[in-house]
Amino acid sequence: MSGIIYNKNIFDSEKATIVSIRDLTEKEKLFEIELDSAKSLNHEPGQFIELFVPGYGEAPFSVSSSPSKDGPFELCIRGVGRVTNAIHRAEEGDKVGVRGPFGNGFDVDFLKGKDLLFIGGGLGLVPLRSLINYVRDNCGDYGDTTVLYGCKEPTERLFIEELEEWKQMSFCQAKETVDSCPAEVEWEGNVGVITTLIPEVDIDPETTYAAVCGPPVMYKFVMEELNEKGLPADHRFLSLERRMKCGIGECGHCQIGEYYVCRDGPVFNYAEIKDEEEAI
Ligand SMILES: Cc1cc2nc3c(=O)[nH]c(=O)nc-3n(C[C@H](O)[C@H](O)[C@H](O)COP(=O)(O)OP(=O)(O)OC[C@H]3O[C@@H](n4cnc5c(N)ncnc54)[C@H](O)[C@@H]3O)c2cc1C
Ligand code: FES
C-alpha cells in the first residue's frame, strides 16, 4: 500500500476543497478535489480514498484520474444515498475530508511492455480510467491496448469525450456496447452485454494482461469469455467492490475468505482469488 501518512490518528481525514464539478450523466458527477496542503494525492491507478462529507459521513470512492495528471484528483460519484447525494448537492469551493489513498492498485511497473485489455462495465470504468489515462500518458512503455466498455443505456455512458479520444489513439482500440437502447434514444453502436465484445477482439494470450471492473454479475461471464480466449488466470487483474467502513483492514466489513478487500485489494490477481467462493 502506498500513500501519504497525514495524521497521527488513522481515522482523521485531510482537509480538501472541491475545485470543480461536472455532470457526466443524470446520475454521475465528476468532482475535482484538491488537498488543502497542496500535496499530490500520490495514488496508484485502482486505489481508493475515503471521502468525508461534513454532516453526512464517509464513503469509499475510486480515484478516477491518472497519477500522471497534475493538480487536483478526480472522483466520479453516482448519487445513491446519504453521502453520495450530499456530495451531489455540494458546490465548488465546499470543504470535504480525504483519507487515503488505500488498497492495492494496478501495478503499472509490472504491466510495462505488456499488451493490455481493459473490460469495464458501468461504474467499473471509473477506476480503469485512471490506468487507461496513465497508459495514454506513458504509451511508449506499454504494448497494444484494447478498451471494452459496456453500460445499460446510451444515456449512461461515462467519459464520452475520452472514449472517442481512446478510439483515435494509434496504439489503442476501444469498443462500446449498451445492454439496450430505448426507441427514443439515438444510438448506432453495439447492443448487447459486454461479454459480446470479447470474441471480437484479437489478443495474444501470452502477452496480454486484462484489467476488469464492473458490477458483481459481470465477472463470472467475463471470466468464461477470457477462458475461451486462452488468457491465463494470472494474466487477469480484477478490481472488486465490497461494503467498506474503515478502509484500512481494521473492521472486517469487506472480508472475502482470508482477504480484506480494502487492504489486500480492491485489485486482485484472479489466480489468487478464483477459488474463494464469495469473490466472484
Ligand atoms: C473500493 C470502493 C470504490 C468505490 N468507488 C466508487 C466510485 O468511484 N464511484 C461511486 O459512485 N461509487 C463508488 N463506490 C460505491 C460507494 O462507496 C457507495 O455508493 C457509497 O458508499 C454509498 O454511500 P451513501 O451514503 O450515498 O449510500 P447509503 O445511504 O449508505 O446507501 C444507499 C444505497 O446504496 C447501497 N450501498 C451503500 N454502499 C454500497 C456499496 N459499497 N456497494 C453497493 N451498494 C451500496 C445501500 O444498500 C443502499 O441501497 C465504491 C465502493 C468501494 C468499496
Ligand atoms: S473496510 Fe474495514 S476491514 Fe476493510
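Key figures
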quantity: Matching option when the condition is in the same structural domain as residue 145 (by TED's automatic domain parsing) and touching a Gly at 6+ places or on another chain (Cβ under 7 Å), among 207, 196; calculated: 207
quantity: Selected residue (only one of 279, 271 is at pLDDT 95 or above and aliphatic (A, V, I, L, M)); calculated: 271
quantity: Enumeration of residues in the range 210-250 that are more than 19 Å from the chain's Cα centre (by Cα) and either in the same structural domain as residue 58 (by TED's automatic domain parsing) or at positive phi (or both); calculated: 230, 249
quantity: Elements of type strands (runs of 3 or more DSSP E) contained in the range 144-247, each with 2 or more residues being surrounded by 17 or more Cβ atoms within 10 Å (Cβ to Cβ) and within 16 Å of ligand 2 (Cβ to nearest atom); calculated: none
quantity: Matching residues in the range 61-88 - criterion: being among the basic types (Lys, Arg) and over 23 Å from residue 120 (Cα atoms); calculated: 82
quantity: Residue that is nearest to residue 121 (Cα to Cα) [pool: residues in the range 248-258 that are part of a loop (DSSP other than H, G, I, E, B) and within 11 Å of ligand 2 (Cβ to nearest atom)]; calculated: 254
quantity: Unique match (being within 15 Å of ligand 1 (Cβ to nearest atom) and modelled with pLDDT of 95 or more) among 212, 217; calculated: 212
quantity: Residue list for the range 18-64, filter: in a loop (DSSP other than H, G, I, E, B), within 11 Å of ligand 1 (Cβ to nearest atom) and in contact with a strand residue (DSSP E or B) (Cβ under 8 Å, 6 or more places away or on another chain); calculated: 24, 27, 46, 47, 63, 64
quantity: Selection from the range 65-103 of residues that are aliphatic (A, V, I, L, M) and either at pLDDT below 95 or near ligand 1 (Cβ under 7 Å from one of its atoms) (or both); calculated: 75, 77, 80, 83
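The values are calculated or read from the model by the stated rules, or taken from the named source; none is laboratory data. Given the structure is predicted, the values throughout are model-derived calculations rather than measurements. All Cβ positions, glycine included, derive from the backbone under ideal geometry; neighbour counts span all protein chains shown.
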